[in-house]
Structure formats: C-alpha cells, structure tokens
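Beneath this line is the structure, given in structure tokens, with notes to follow.
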Amino acid sequence: MLNLGIRSLLNRRFVVALTVLSIALSVFLVIGVERLRTSAKESFARSASGIDLIVAARGDPVQILMGTVFGVGSAGPGIGWHSYEEITGLPLVEWAVPILLGDNHRGFPVVGTTTDYFDRFRYGGGKALEFASGNAFAAASGAVVGSEVAARFGYSTGTSIVNAHGAGTVAFDMHDEAPFVIVGVLAPTGTAVDRTVIVSVEGFDRLHRGSHDDGDETLDPFGTAAENNAPSEKLDYGTSKATGQGTQQSESESEDRYMPSRINAVYVGLTDRAAVLSVQRVIDEYLPEPLTAVLPNVALLQLWSITGAAEAALLAMAFAVALAGITGMIVMISASLDARRREFAILRSIGAAPRRIFALIVVESLLVTAIGIVLGLIVLNLVSVLLEPWFTGAFGFILDSRLLSLHEGFLVLAILVAGAGASILPAARVYRMTLVDGLAFRL
C-alpha cells in the first residue's frame, strides 16, 4: 500500500509538490512562531532568575524590569546613594548591587556597577557569570564586555572603547575624552548580559560629573584624587555585607569610599526568599524618597499579559496558514478523484476491497503531510541557525537549538493528524464508488 501510494503521488508530482510546499510553509510558521515565543520567554526568565528584588524610583514595574535588566527603555530618574545604603542595611538583605544606566556603546547598553555584580548575578536557574578571558575591573577605567559585544566588534582584553551618553543607538555626547580599557570578556549566557558593557560605578559616575562640574575639560575623569581633587580611585563602596556576618565598614573607611550622588536601580538578594513580600513592603513604604521594589517574576508575568494579545494574533495567523495548507491538500485530492476513477475501478476489478482504496487515499494524504512537515522543520532549523546571531545581537536571546521540543512535537503531531483527517472526506467518496461506475466512466 505504501509503495502504491508513493507511485501514485509521483505520477502527480507537480500538484503534490505545490501541496507539500504549502504544508511546509504552514509548519515553518506555526513552529517558528512558537519557537520565538518560548525562546524569548525562557531568555527573559533566565536573565532575572538570580534577583529577588529590583529597587528603583517609583514607577511601573515592567518598565523598571525592562530598563534595568534588559537595557530597553528608561529606569526612571534614579535614587539617592543614601537609599542604597539603607537598603543594604535591611536585616533580611544578603547583598545589594547598585546599577547606573544611561550610556551606550555603539548601540549596546552600558551598565555601571560594582565587582559584586560578577559574584552575585545569576542566570538560567543559578549559573554564575564566567569570564572567557580576563577578569573584573580593578580600576575606574576598566570595562568588562559581554560575549555578543566582543564577537560583534572583535574586542579582546586591552582594547580601548569609547562610550556615549544616550540609550540604544542614540548618542548625545561621545565620551571620547575618557576611553575605557577592556579588562575582561564574559562567557556567553544567552541573556541580555551578552549585549552589555559593564564598568565601575566610579568610572561611570566620574565620566558624567567629574570634568563638567569643575568646568575644566582638561581634567582626566579617571585621574587620581590628587590630580583631579576628586574622590579616591580605590574601588571600594563599603556597603556589601560579608557573607553570614552582616558587618559594615568603619567610619574611617567609609569616608574614603567613592559615593555617586544618584544611581538608577539596585539588585537585591535576600537571606530568605520567603520574606520577599515583607521586604518589598518595607521598601515601598520608605519615607525619604518614593521607591518601588519589583519582583522580577511578577513583572515578567505582567509583561506576558501585555504581549499576550500579540502572541495570540501571531499564532492565529500561523494556524490560519496551516489550515489553508490542509485545505489545499483536500482540494488537490478531491480534484484528482474524477481523473482517477478508472484507476480505482481497475484496482477493484483485480480484487482490491473498498477499504483498501480508502486506505490508499489516507496513506497518500499522510505521505504528503509528513513530507511537508519534514521539509518545514529542515527549513526552520536552517533559518534558525542563520538568524541566531542576529536575534542574539538585536534582542538578546538565543533561539532554541533543539530540532524539536516536546511542545513543538505535539504541534507537529496535531498537523499530521489534521492531514490524515483531511483525507477522510475524499476517501469516503472513493469508498462509495461502485465497480460499475468506474468501468462505465467516460471522458
């Protein structure tokens, strides 16, 4: 039966090829849309998996999440350094990492932070950041770049880079008077970190206020305190708690540390995640200035609810194309029935039972659907491999590299079953054809 079905399809290869292409396009769109959706969600979830709270100025949680974690949009007007110190001193706070935003390097976001960022940041369910080469910055002029930034521009340790004020590709003011030197390149993570340039809080802040506040453009923003009459070059922020100790720096040490006037946000990790709501309430009720403590997972759920309508529309369009492909196969089979009535009559005359003729139509339909599915998956995976660098660079997430995930497998099975079901109607027509009707067929 299978061999007969293959030969029958080869005799109608042109029409069959068009039907196969239609089904392949359907599979490409349905699985492609689903793969994009799941890859984006998984990448977003991985990026914020190690952060219990994100604290920023009073604002929308989704906007804060997008601005501070993914470098999209703005994180708001910022908060005072004293607020960061107060947050760090809360009893249930294990660690707190300051975040400064507002610069970009050739379209990639620049983040100002402390070396605690590399120790505390987690992604993908608990993985720590690793260096492909070099290490964390030890001076204000040092920078660490993500894997995508390094690959895009061919950067390595020792390369000098210049940042610009502004978000995205918008550059209001090039800071070419104070280039940073790359001291480390991070290993790939599949998150927004790959698209980030990371510098110290001191380097970021001095770049914006050091020379301009003094009105002397000849000052080196990264110069020593004696040279520029600026705070100490020592990268010591004096607010991180020692693990399990909760100790603070002495007053003499705190007098020497560098303290920017304002920061954009704070990543917070707790000693007990079960207490996250109580800590959130304490921060939201902070009196000196209005703050918002964002739970990353809750903000992500809000983001998915916002984008849910667009996702549903894309999936609906993909399934509409799939339905059109299946409908085209029904039309192809039905249109060929009249031309094949003599063929069916001959098969009946040599002893083929009506159910075998019925099975032949179903087998042909399954073959066309299966070939279309395989072709669609091959094209999809080839396109995924070719476009993955672009998606990583433009959106900061990696497309799923698996040939077929479990959920995608169910979608493929549904299309295959739909293809088999589509053959029932034309097969039923063949089943009702009588031997006399076939032998008496006239052109």
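Return the only residue of S22, S26, S49 being in contact (Cβ under 8 Å) with a residue 24 or more places away in the chain, within 30 Å of L406 (Cα to Cα) and part of a loop (DSSP other than H, G, I, E, B).
Selected residue: S49, the only one of S22, S26, S49 that is in contact (Cβ under 8 Å) with a residue 24 or more places away in the chain, within 30 Å of L406 (Cα to Cα) and part of a loop (DSSP other than H, G, I, E, B).
Okay, residues lined up against (1) of a type in the set (A, V, I, L, M, F, W, C); (2) buried (at least 24 other Cβ atoms within 10 Å of the Cβ):
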{"residue": "A45", "(1), (2)": "yes, no"}
{"residue": "D52", "(1), (2)": "no, yes"}
{"residue": "L65", "(1), (2)": "yes, yes"}
{"residue": "T68", "(1), (2)": "no, yes"}
{"residue": "G71", "(1), (2)": "no, no"}
{"residue": "S74", "(1), (2)": "no, no"}
{"residue": "G78", "(1), (2)": "no, no"}
{"residue": "W81", "(1), (2)": "yes, no"}
{"residue": "P91", "(1), (2)": "no, no"}
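Of the residues that make up the stretch 82-94, is at least one at pLDDT 90 or above and closer than 30 Å to T159 by Cβ?
No, the stretch 82-94 contains no residue that is at pLDDT 90 or above and closer than 30 Å to T159 by Cβ.
Go through (1) within 24 Å of P296 (Cβ to Cβ); (2) modelled with pLDDT of 90 or more; (3) within 23 Å of the chain's Cα centre (by Cα); (4) surrounded by fewer than 20 Cβ atoms within 10 Å (Cβ to Cβ) one by one and return the number of the condition A128 breaks.
Unmet condition: (2).
Just to be sure before I move on: is S39 assigned by TED's automatic domain parsing to the domain that holds M332, more than 30 Å from T271 (Cβ to Cβ) and either in a loop (DSSP other than H, G, I, E, B) or modelled with pLDDT of 80 or more (or both) in the structure I sent?
In short, no.
With the structure loaded, tell me whether G102 is in a strand (DSSP E or B), modelled with pLDDT under 90, within 27 Å of H208 (Cβ to Cβ) and in the same structural domain as T157 (by TED's automatic domain parsing) or whether it fails that test.
Yes; evaluated as a whole, the condition is true for this residue.
Taking the condition touching a strand residue (DSSP E or B) at 6+ places or on another chain (Cβ under 8 Å), in a loop (DSSP other than H, G, I, E, B) and closer than 18 Å to G50 by Cα, does G76 pass?
In short, no.
Go through the stretch 306-362 and report how many residues are within 45 Å of the chain's Cα centre (by Cα) and at pLDDT below 70.
Number of matching residues: 0.
Using the structure shown, decide if F397 is among the aromatic types (F, W, Y) and at pLDDT 80 or above.
Answer is no for this residue.
The values are calculated or read from the model by the stated rules, or taken from the named source; none is laboratory data. No experiment lies behind these values; they were computed from the predicted model shown. When we count neighbours, we look across all protein chains shown, and the Cβ atoms used for this are built from the backbone with ideal geometry, even at glycine.
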